[in-house]
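Just below is one structure, and these are the notes that go with it.
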Amino acid sequence: MSASSHNLAGAVPVARAAPGRPDWVTDGKDWPNRAASRFVRAGAQRWHVQIMGQGPVILLLHGTGAATHSWRDLMPDLATHFTVVAPDLPGHGFTDQPPREGMTLPGMAAGVAVLLEQLNLRPVVAAGHSAGAAVLARMCLDGLIAPSALVSLNGALLPLPFHGVVSPFMAPLAKLFAANPLVPMIFAWQAADGKVVERLLDGTGSKIDDAGKVFYGRLARRSGHAGAALTMMANWDLAALAAGLPKLQTPLLLIAGENDRSIPPADAERVRRLVPGARVTLMPKLGHLSHEEAPAETARLIRGFAQEQGVAA
């Protein structure tokens, strides 16, 4: 099934974003895989989504503070075997930010489900990075999607204190920051200094290419994008998700970077013990952004797992 065959009834003209939000005309002028981008109205929200390739449908969801640029090399590789659909999550990148309810974990899960319905797409494989993996797990548990294979890429699935941005003690702080409109503006202003973004990326334990750094920096300098990431953190509750993981029936592969400084690799083992039949694959010497450091190897692992679950790629 080619991208051109999808239902695009919800497509709307691309317009300049409001001040503070990433702007497609300027910020997106050289966006990775730009030819695969479209803007779709789903519910009350306008989404930026990329679709490419042919074959079984695979859904990719990025993590907090990222956008579709994080799949810049992985997506074309997977598209040689799959129809790949990758949206910017609510408030991230070029997707509109919904009211507070839409920035919770269940709210994001429901929002992505509405988008898939609008696109008339039913993923048979789902892969999510960090918080994106949590959204996908929530969707599976809530019956919003029924993939044959679920892949967690350094997934943020457990509410443990050393989870960095998703830890319990960070949530109240994020709520405080998100409530103050000056905080995202100050962060965006500081992000104008490339060294700030460089330090944040180094803190993940990953070494990504210069192109990736440019796009992360471009988004970080937009207060609307930074504010959405803070709002997401402020409304994120992983306790209910963790409690439901033993009921997850979707075959689960947990891919973890050995040098991940954001989500400890040991968390993957903890999740494996919670989810019946789940298994862990460790990627040596790689960090939290391992799918950007080693996209070809990540694609190989996803394809292999999909084939094991009977998905012909």
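Take the conditions surrounded by fewer than 22 Cβ atoms within 10 Å (Cβ to Cβ), without any contact (Cβ under 8 Å) to a residue 12 or more places away in the chain and at negative phi and apply them to residue 266. Does it pass? Lay out the reasoning, then the answer.
Working: surrounded by fewer than 22 Cβ atoms within 10 Å (Cβ to Cβ): yes; without any contact (Cβ under 8 Å) to a residue 12 or more places away in the chain: yes; at negative phi: yes.
Here the answer is yes, as residue 266 does meet what is asked.
Checking the condition without any contact (Cβ under 8 Å) to a residue 60 or more places away in the chain, touching a helix residue (DSSP H, G or I) at 6+ places or on another chain (Cβ under 8 Å) and among the polar types (S, T, N, Q), which residue from 281, 231, 250 passes? Break it down stepwise before answering.
Values: 231 fails: without any contact (Cβ under 8 Å) to a residue 60 or more places away in the chain; 250 fails: without any contact (Cβ under 8 Å) to a residue 60 or more places away in the chain.
Sole residue among the options that is without any contact (Cβ under 8 Å) to a residue 60 or more places away in the chain, touching a helix residue (DSSP H, G or I) at 6+ places or on another chain (Cβ under 8 Å) and among the polar types (S, T, N, Q): 281.
What is the number of the single condition among (1) modelled with pLDDT under 95; (2) within 13 Å of residue 134 (Cα to Cα); (3) part of a helix (DSSP H, G or I) that residue 227 does not meet?
Against the list (1) modelled with pLDDT under 95; (2) within 13 Å of residue 134 (Cα to Cα); (3) part of a helix (DSSP H, G or I), residue 227 comes up short only on (2).
It is to be established whether one or more residues within the stretch 275-283 are of a type outside the set (Val, Ile, Thr), assigned to a strand (DSSP E or B), touching a strand residue (DSSP E or B) at 6+ places or on another chain (Cβ under 7 Å) and under 26 Å from residue 211 (Cα atoms). Give the steps one after another, and end with the answer.
Kept after step one, since they are of a type outside the set (Val, Ile, Thr), are these residues of the stretch 275-283: 276-279, 282-283.
Still in the list and also assigned to a strand (DSSP E or B): 279, 282-283.
Going one step further and asking which of them are touching a strand residue (DSSP E or B) at 6+ places or on another chain (Cβ under 7 Å), we end up with 279, 282-283.
Checking which are under 26 Å from residue 211 (Cα atoms) leaves us with 282-283.
Checked the stretch 275-283: at least one residue is of a type outside the set (Val, Ile, Thr), assigned to a strand (DSSP E or B), touching a strand residue (DSSP E or B) at 6+ places or on another chain (Cβ under 7 Å) and under 26 Å from residue 211 (Cα atoms).
Residues to consider are 46, 72; find the one that is out of contact with any Pro (no Cβ under 8 Å at 6 or more places or on another chain), modelled with pLDDT of 95 or more and of a type in the set (Lys, Arg). Before you say what the answer is, go through the steps one by one.
On the way: 72 fails: out of contact with any Pro (no Cβ under 8 Å at 6 or more places or on another chain).
Checking each option against the conditions leaves just 46.
Evaluate the following for residue 55: is it over 23 Å from residue 230 (Cβ atoms) and touching a residue at least 24 places away in the same chain (Cβ under 8 Å)? Reasoning before the result, please.
Numbers: over 23 Å from residue 230 (Cβ atoms): yes; touching a residue at least 24 places away in the same chain (Cβ under 8 Å): yes.
So residue 55 passes the test.
Taking the residues in the stretch 29-61 that are aromatic (Phe, Trp, Tyr) and crowded, with 22+ Cβ neighbours inside 10 Å as candidates, determine which candidate is nearest to residue 102 (Cα to Cα). Can you show your working first?
First pass over the stretch 29-61, keeping only residues aromatic (Phe, Trp, Tyr): 31, 39, 47.
The next check asks that each one be crowded, with 22+ Cβ neighbours inside 10 Å; those that pass are 31, 47.
Numbers: 31: 26, 47: 13 Å.
If we take residues in the stretch 29-61 being aromatic (Phe, Trp, Tyr) and crowded, with 22+ Cβ neighbours inside 10 Å, then 47 is nearest to residue 102 (Cα to Cα).
Can you tell me how many residues in the stretch 284-310 are assigned to a loop (DSSP other than H, G, I, E, B) and under 30 Å from residue 215 (Cβ atoms)? Full working, then the answer.
Kept after step one, since they are assigned to a loop (DSSP other than H, G, I, E, B), are these residues of the stretch 284-310: 284-289, 294, 309-310.
Checking which are under 30 Å from residue 215 (Cβ atoms) leaves us with 284-289, 294.
Looking only at that region, the number is 7.
Here are some conditions: (1) charged (D, E, K, R); (2) outside any strand (DSSP E or B); (3) more than 28 Å from residue 157 (Cβ to Cβ). Residue 46 meets all but one. Which one does it not meet?
Evaluating residue 46 over (1) charged (D, E, K, R); (2) outside any strand (DSSP E or B); (3) more than 28 Å from residue 157 (Cβ to Cβ) leaves (2) as the failure.
Which is at pLDDT below 95 and under 21 Å from residue 156 (Cα atoms), of 93, 111, 65, 107?
65
Being over 20 Å from residue 38 (Cα atoms) and touching a helix residue (DSSP H, G or I) at 6+ places or on another chain (Cβ under 6 Å) is the filter; apply it to the stretch 107-125 and report the residue that is surrounded by the most Cβ atoms within 10 Å (Cβ to Cβ).
Restricting to residues being over 20 Å from residue 38 (Cα atoms) and touching a helix residue (DSSP H, G or I) at 6+ places or on another chain (Cβ under 6 Å), the top hit is 125.
Working only within the stretch 261-313, note down all residues that are of a type in the set (D, E, K, R) and closer than 24 Å to residue 158 by Cβ. Walk me through it before giving the result.
The initial filter retains those residues of the stretch 261-313 that are of a type in the set (D, E, K, R), namely 261, 267, 269-270, 272-273, 279, 285, 292-293, 297, 300, 303, 308.
Within the stretch 261-313, 261, 267, 269, 270, 272, 273, 279, 285, 292, 293 qualify.
The values are calculated or read from the model by the stated rules, or taken from the named source; none is laboratory data. The structure presented is a predicted model; accordingly, all values stated were derived computationally and were not measured. So basically every Cβ, Gly included, is an ideal-geometry build from the backbone, and we count neighbours across all protein chains shown.
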